[in-house]
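The values are calculated or read from the model by the stated rules, or taken from the named source; none is laboratory data. All values derive from a computational prediction rather than experimental measurement. Neighbour counts are summed over all protein chains in view; Cβ atoms, including those assigned to glycine, are modelled from backbone coordinates with ideal geometry.
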Ligand code: NAP
Ligand code: ZN
Ligand code: ZN
């Protein structure tokens with residue numbers, strides 16, 4: 001079926017209205033009319049081909065919440081009219097060791113991402129959530145807890161799971177101090193989730209305007225990371241750092257914040273290498289690690305956790321026609337803290 005979408009045809013081109021094809025619903029598929037779609041920095045990295053390999057047109061968007069408009073005959077999770085969500089993946093091989101243990105994001109064959117992967121059904125790339133509708137295998141759909149505002153819950157589908165997964169894996173909780181570096185979409189979710197897990201949270205930001213605000217989000221302490229005297233006061237005090245910075249930056253300064261046996265986990269994905277000085281690690285048996293989104297069962301677990309703790313994103317709701325300005329503002333760190341597109345505005349185009 002033909003569907004309206006917003007995407008771009010080349011790295012330097014703005015996003016504009018276009019038509020894409022969605023497959024007809026098979027017996028295991030759910031068709032979702034998209035109500036809200038969050039804007040992740042990965043959308044911008046991909047649309048502008050910063051990670052290389054982008055297939056055009058790129059239709060980004062992997063923080064999707066919507067209403068079920070059709071279901072296949074074998075679908076059990078949803079009926080027409082229900083709320084459904086889709087995150088960063090729409091398929092994987094389902095048989096490899098990683099898929100078998102719920103780590104679909106680390107599928108040996110490569111997960112099928114919501115956008116810019118090869119579509120297994122149609123002879124195109126996959127197209128994301130900046131569109132009217134999406135058709136997804138029910139195994140890759142998620143349920144949003146009823147108490148959460150739908151627009152503000154959309155960013156949980158990427159920013160939420162990408163920070164929940166490493167926080168859980170590295171045992172954030174009571175008695176632990178978690179550092180969060182870079183307070184954008186991911187970073188602000190890391191603060192809220194780490195706090196709800198019971199950890200002490202210390203935030204490191206380059207933006208003066210976020211210093212007070214980070215406390216409102218739940219931070220116990222906030223440090224302007226450009227102030228080296230302030231940074232020094234926190235050396236050797238942190239167990240786990242979640243680094244959610246979208247651009248090149250000095251990792252060694254943040255490794256100094258770790259206690260012995262501490263871990264710095266990169267979730268931010270700038271394309272440029274981040275040089276690590278050996279002594280930043282050897283001195284305190286420190287680990288430098290990375291983490292990619294989270295599995296499907298873990299994403300549902302995160303949504304349920306956010307439901308229990310009443311956690312959603314702080315959002316600025318925008319019209320789809322504002323998308324290119326939103327990208328420019330995101331590049332300047334000028335969003336508190338996630339843009340979410342009201343997809344009803346696509347109908348006006
Ligand atoms: P975002 O909302 O744009 O936030 C990025 C934050 O990084 C900014 O708010 C800013 O925080 C900081 N920052 C930006 N430029 C900087 C610079 N030059 N020097 C120092 N700090 C800078 O982005 P996001 O959507 O949260 O995504 C963050 C990164 O994670 C992106 O690279 C994205 O692709 C990646 N990502 C990874 C995964 C994964 O699975 N690992 C999933 C989703 C996204 P302050 O103002 O506080 O300094
Ligand atoms: Zn994302
Ligand atoms: Zn697999």
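In region 185-207, the residues that are in the same structural domain as residue 257 (by TED's automatic domain parsing) and free of Cβ contacts under 8 Å to residues at least 60 places away in the same chain form Cβ pairs under 6 Å with partners that are assigned to a helix (DSSP H, G or I) and away from ligand 1 (no atom under 14 Å from the Cβ), at six or more places apart or across chains, as follows: 201/194; 201/195.
Checked against (1) more than 19 Å from residue 118 (Cβ to Cβ); (2) surrounded by fewer than 18 Cβ atoms within 10 Å (Cβ to Cβ), residue 26 passes all but condition (1). Of the strands (runs of 3 or more DSSP E) contained entirely in region 225-311, those carrying at least 3 residues that are more than 9 Å from ligand 1 (Cβ to nearest atom) and surrounded by 18 or more Cβ atoms within 10 Å (Cβ to Cβ) fall at 238-243, 258-266. I'd like to know if region 68-80 contains one or more residues that are within 22 Å of the chain's Cα centre (by Cα), surrounded by fewer than 22 Cβ atoms within 10 Å (Cβ to Cβ), touching a residue at least 12 places away in the same chain (Cβ under 8 Å) and farther than 16 Å from residue 114 by Cβ. So far as region 68-80 goes, no, none of its residues is within 22 Å of the chain's Cα centre (by Cα), surrounded by fewer than 22 Cβ atoms within 10 Å (Cβ to Cβ), touching a residue at least 12 places away in the same chain (Cβ under 8 Å) and farther than 16 Å from residue 114 by Cβ. The residues in region 129-150 that are assigned to a helix (DSSP H, G or I) and either without any contact (Cβ under 8 Å) to a residue 12 or more places away in the chain or buried (at least 20 other Cβ atoms within 10 Å of the Cβ) (or both) can be counted, and the count is 1. Only one of the listed residues (315, 341) is within 26 Å of residue 172 (Cβ to Cβ), surrounded by 20 or more Cβ atoms within 10 Å (Cβ to Cβ), in contact with a helix residue (DSSP H, G or I) (Cβ under 7 Å, 6 or more places away or on another chain) and modelled with pLDDT of 95 or more. That residue is 315.
Here is the figure for region 154-209: residues that are at pLDDT 95 or above, near ligand 1 (Cβ under 9 Å from one of its atoms), outside any loop (DSSP other than H, G, I, E, B) and over 22 Å from residue 252 (Cα atoms) total 8.
Residue count for region 89-114, restricted to those that are in contact with a helix residue (DSSP H, G or I) (Cβ under 7 Å, 6 or more places away or on another chain) and closer than 23 Å to residue 164 by Cβ: 10. Report yes if residue 283 is at pLDDT below 95 and not assigned by TED's automatic domain parsing to the domain that holds residue 151, otherwise no. So residue 283 fits the description; yes. Filtered by the rule that a residue be farther than 23 Å from residue 132 by Cα and either more than 16 Å from ligand 1 (Cβ to nearest atom) or assigned to a helix (DSSP H, G or I) (or both), region 57-101 gives 74, 76, 93, 94, 95, 96, 97, 98, 99, 100, 101.
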